[in-house]
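Peer 1: Let me give you the structure first, and then I'll get to my questions.
The values are calculated or read from the model by the stated rules, or taken from the named source; none is laboratory data. Since this is a predicted model, take the numbers as computed values, not measurements. Because the Cβ atoms are built from the backbone with ideal geometry, glycine has one as well, and the counts that use them run over all protein chains shown.
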Amino acid sequence: MIHRLSLLAFVATAAVGPAAFAQAPPPADKGASIAEKIDTCTACHGPNGNSASGQYPTLAGQNARYLYLQLKDFNEGRRHDPLMEPMAKALGRDDMLALADHFSKQKPTPNGFKADPAKVVLGKKKTDEVLCPMCHLGEFAGQNEIPRVAGQKYEYVKKQLADFKAKRRTNDAGNMTSVAGTLSDADIENLSQYIANLN
Ligand code: HEC
Ligand code: HEC
């Protein structure tokens, strides 16, 4: 069993250049309808939550429980991102539950990633060595608060593994920071190729 404890300590996230803010839509008003809020989300996360850019994770088909916990973590300041944090801070608990439920029910579409076959083989080998499937299940299907990562955007997966390794992302109760600490840059590259290729 994995228990999710809130960690008090966190390391400040590395600053992102101001250019990243230029195109950000303003968060939807607190009083806006869920449909209006969904439109704000899809401006970055893509139609139905299927992202078109490696900067934004795909939300479609992700576990509702995981989505809700991430929104809550951004909302309460346990997970940090200059674009996402203000969006989550504008949401109430009911919004977060409704949005998590909505995106979990959208169908994930293929991510269009062109993998390097040799790296995919090495990535698969690494997942068996370090027991990623023990938590994420076979082919990263995910369960409850453990995310589905199969077919996620390559750049996003790579950034998260590097963020866990460097302890820039610490909202995982140690589950990911401990395993990521053992990964080399080459392992992270190979694992990201393998995962993004699981469409
Ligand atoms: C301005 C762009 C932007 C908007 C608008 C936006 N997000 Fe995000 N979101 C991001 C970025 C960037 C990340 C990834 C942060 C990181 O790298 O850790 C993210 C991450 C997330 C995650 C974590 C996913 C995961 O796999 O861990 C969830 C959940 C999420 N967003 C939900 C939403 C919802 C719901 C809305 C609408 C209320 C929304 N986002 C609006 C940029 C945005
Ligand atoms: C001990 C259980 C456990 C193991 C082993 C584990 N993970 Fe995780 N993983 C988690 C949990 C729990 C989360 C969600 C953390 C959170 O709540 O923020 C996560 C999150 C992630 C994410 C971020 C997904 C997103 O949408 O932001 C990636 C990528 C990931 N894991 C990849 C891996 C890889 C690759 C391995 C093997 C090298 C691995 N995990 C091993 C439990 C585990």
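Peer 1: Does any residue in region 27-53 that is farther than 28 Å from residue 154 by Cα come within less than 8 Å, Cβ to Cβ, of a residue that is among the basic types (Lys, Arg) and surrounded by 14 or more Cβ atoms within 10 Å (Cβ to Cβ) six or more places away or on a different chain, and which pairs are these?
Peer 2: 28/37
Peer 1: Continuing with the same structure: Identify, by number, the condition in (1) crowded, with 16+ Cβ neighbours inside 10 Å; (2) in the same structural domain as residue 163 (by TED's automatic domain parsing); (3) more than 24 Å from residue 170 (Cα to Cα); (4) not charged (D, E, K, R) that residue 48 doesn't meet.
Peer 2: Of everything listed in (1) crowded, with 16+ Cβ neighbours inside 10 Å; (2) in the same structural domain as residue 163 (by TED's automatic domain parsing); (3) more than 24 Å from residue 170 (Cα to Cα); (4) not charged (D, E, K, R), residue 48 misses just condition (2).
Peer 1: Moving on. Could you check region 89-107 and list, in sequence order, the residues that are away from ligand 1 (no atom under 12 Å from the Cβ) and buried (at least 19 other Cβ atoms within 10 Å of the Cβ)?
Peer 2: Answer for region 89-107, where residues must be away from ligand 1 (no atom under 12 Å from the Cβ) and buried (at least 19 other Cβ atoms within 10 Å of the Cβ): there is none.
Peer 1: Does region 68-84 hold any residues that are more than 9 Å from ligand 1 (Cβ to nearest atom) and acidic (Asp, Glu), and which are they?
Peer 2: Residue satisfying the conditions is 76 alone.
Peer 1: Tell me, please, whether a residue that is buried (at least 21 other Cβ atoms within 10 Å of the Cβ), among the hydroxyl-bearing types (Ser, Thr, Tyr) and within 12 Å of ligand 2 (Cβ to nearest atom) can be found in region 60-69.
Peer 2: No, region 60-69 has no match at all.
Peer 1: Can I ask one more? Just wondering, is there one or more residues in region 159-175 that are at positive phi and either within 12 Å of ligand 1 (Cβ to nearest atom) or buried (at least 19 other Cβ atoms within 10 Å of the Cβ) (or both)?
Peer 2: no
Peer 1: Just checking, does region 114-134 include any residue being under 15 Å from the mean Cα position of the chain (by Cα) and under 19 Å from residue 160 (Cα atoms)?
Peer 2: No, region 114-134 contains no residue that is under 15 Å from the mean Cα position of the chain (by Cα) and under 19 Å from residue 160 (Cα atoms).
Peer 1: Against the definition (free of Cβ contacts under 8 Å to residues at least 12 places away in the same chain, not in a helix (DSSP H, G or I) and not assigned by TED's automatic domain parsing to the domain that holds residue 72), how does residue 151 come out, yes or no?
Peer 2: It is false that residue 151 is free of Cβ contacts under 8 Å to residues at least 12 places away in the same chain, not in a helix (DSSP H, G or I) and not assigned by TED's automatic domain parsing to the domain that holds residue 72.
Peer 1: Is region 103-110 home to any residue that is hydrophobic (A, V, I, L, M, F, W, C), more than 13 Å from ligand 2 (Cβ to nearest atom) and farther than 27 Å from residue 178 by Cβ?
Peer 2: Checking region 103-110: not a single residue is hydrophobic (A, V, I, L, M, F, W, C), more than 13 Å from ligand 2 (Cβ to nearest atom) and farther than 27 Å from residue 178 by Cβ.
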